[in-house]
1. Would you please list the contacts, defined by Cβ atoms under 8 Å and residues six or more apart or on different chains, that run from a residue in segment 143-172 that is within 15 Å of Ala184 (Cβ to Cβ) to a residue that is open to solvent by less than 60 Å² (accessible area, probe 1.4 Å) and of a type in the set (Phe, Trp, Tyr)?
2. Identify all residues within segment 107-118 that are under 12 Å from Gln140 (Cβ atoms) and in contact with a strand residue (DSSP E or B) (Cβ under 8 Å, 6 or more places away or on another chain); write none if there are none.
3. Quick check, is Ala108 in a strand (DSSP E or B) and surrounded by 13 or more Cβ atoms within 10 Å (Cβ to Cβ)?
4. Would you call Ala123 at pLDDT below 90 and either within 23 Å of Pro31 (Cβ to Cβ) or acidic (Asp, Glu) (or both)?
5. Inside segment 1-24, can you point out the residues that are charged (D, E, K, R), modelled with pLDDT of 75 or more and either assigned to a loop (DSSP other than H, G, I, E, B) or out of contact with any Phe, Trp or Tyr (no Cβ under 7 Å at 6 or more places or on another chain) (or both)?
6. Looking at segment 86-105, which of its residues are surrounded by 12 or more Cβ atoms within 10 Å (Cβ to Cβ), among the aliphatic types (A, V, I, L, M) and not in a helix (DSSP H, G or I)?
7. Which residues, taken from segment 27-55, are crowded, with 22+ Cβ neighbours inside 10 Å and more than 21 Å from Ala141 (Cα to Cα)?
Amino acid sequence: MAAGPWIADPRRLRRHARAVLAALGVGLDLPANRPLRVPGSATGTLVVANHVSWLDVVALLAVEPVVLLAKREVAEWPLVGPLTRRAGTRFIDRDAVRELSRVVEELAEFLGEGHSFAVFPQATTWCAAPGGPFRRAVFQAALDAGAPVRPVAVDYRQGGARSRAAAYVGGDTLTASLHRVATAGGL
């Protein structure tokens with residue numbers, strides 16, 4: 001919160017995201033030289049990832065800050081809402097079907113201007129395969145802009161084995177999930 005409106009600065013946002021991961025004792029394991037944005041593209045990149053936890057957002061921002069697309073309700077969450085708005089998150093009202101074409105046009109324009117954004121096209125968290133169906137509208141924005149799509153797989157491990165410690169599903173609370181992540185050790 002102390003960063004104020006400057007939190008949207010990519011370097012600062014990446015530094016803050018990495019600090020959050022470090023404070024929680026969460027490491028990052030990335031393929032070498034694989035930025036989220038597709039290099040050499042005249043447009044931005046649509047980054048699509050599976051969604052396991054709120055921690056996915058922090059991990060993506062720690063790799064390479066991109067604008068996120070989130071459900072409208074996130075903007076109203078205590079503490080998280082103001083942070084996401086300041087970081088430049090775009091919001092979508094998933095119940096306003098009539099606005100969808102306008103949102104797709106805006107996202108295509110955003111991509112066409114060279115900006116990248118990340119989405120979780122399953123629109124909710126899943127802690128096990130195969131997850132849920134994809135919401136396709138964001139892919140239309142990439143098609144309209146001629147933008148590349150970068151698929152990203154988010155996975156949590158402890159001691160070399162898959163872990164569900166970070167999973168945020170069902171009736172889980174943010175407090176309980178945060179505690180579980182912070183005490184997991186070696187995530």
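The values are calculated or read from the model by the stated rules, or taken from the named source; none is laboratory data. Source: prediction; values computed, not measured. Positions of Cβ are generated from backbone atoms using ideal geometry, with glycine treated the same way; all protein chains shown enter the neighbour counts. Ligands, DNA and RNA are stripped out before the accessible areas are found, and what is left, the full protein with its side chains, is counted by its heavy atoms. Shrake-Rupley method; radii C 1.70, N 1.55, O 1.52, S 1.80 Å.
1. Arg162/Tyr156; Ser163/Tyr156; Arg164/Tyr156; Ala165/Tyr156; Ala166/Tyr156; Ala167/Tyr156; Tyr168/Trp54
2. Residues of segment 107-118 under 12 Å from Gln140 (Cβ atoms): 107-108, 111.
Listed by number, the residues that qualify are Leu107, Leu111.
3. Working: in a strand (DSSP E or B): no; surrounded by 13 or more Cβ atoms within 10 Å (Cβ to Cβ): yes.
No: the conditions fail for Ala108.
4. On the way: at pLDDT below 90: yes; either within 23 Å of Pro31 (Cβ to Cβ) or acidic (Asp, Glu) (or both): no.
No.
5. Of everything in segment 1-24, those that are charged (D, E, K, R), modelled with pLDDT of 75 or more and either assigned to a loop (DSSP other than H, G, I, E, B) or out of contact with any Phe, Trp or Tyr (no Cβ under 7 Å at 6 or more places or on another chain) (or both) turn out to be Arg11, Arg14, Arg15, Arg18.
6. Ala87, Ile92
7. Val52, Ser53, Leu55 - these are the residues of segment 27-55 that are crowded, with 22+ Cβ neighbours inside 10 Å and more than 21 Å from Ala141 (Cα to Cα).
The rows are residues; the columns are (1) crowded, with 19+ Cβ neighbours inside 10 Å; (2) among the β-branched types (Val, Ile, Thr); (3) in contact with a Pro (Cβ under 7 Å, 6 or more places away or on another chain).
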{"site": "Ala22", "(1), (2), (3)": "no, no, no"}
{"site": "Leu68", "(1), (2), (3)": "yes, no, no"}
{"site": "Ala75", "(1), (2), (3)": "no, no, no"}
{"site": "Thr84", "(1), (2), (3)": "yes, yes, no"}
{"site": "Glu113", "(1), (2), (3)": "no, no, no"}
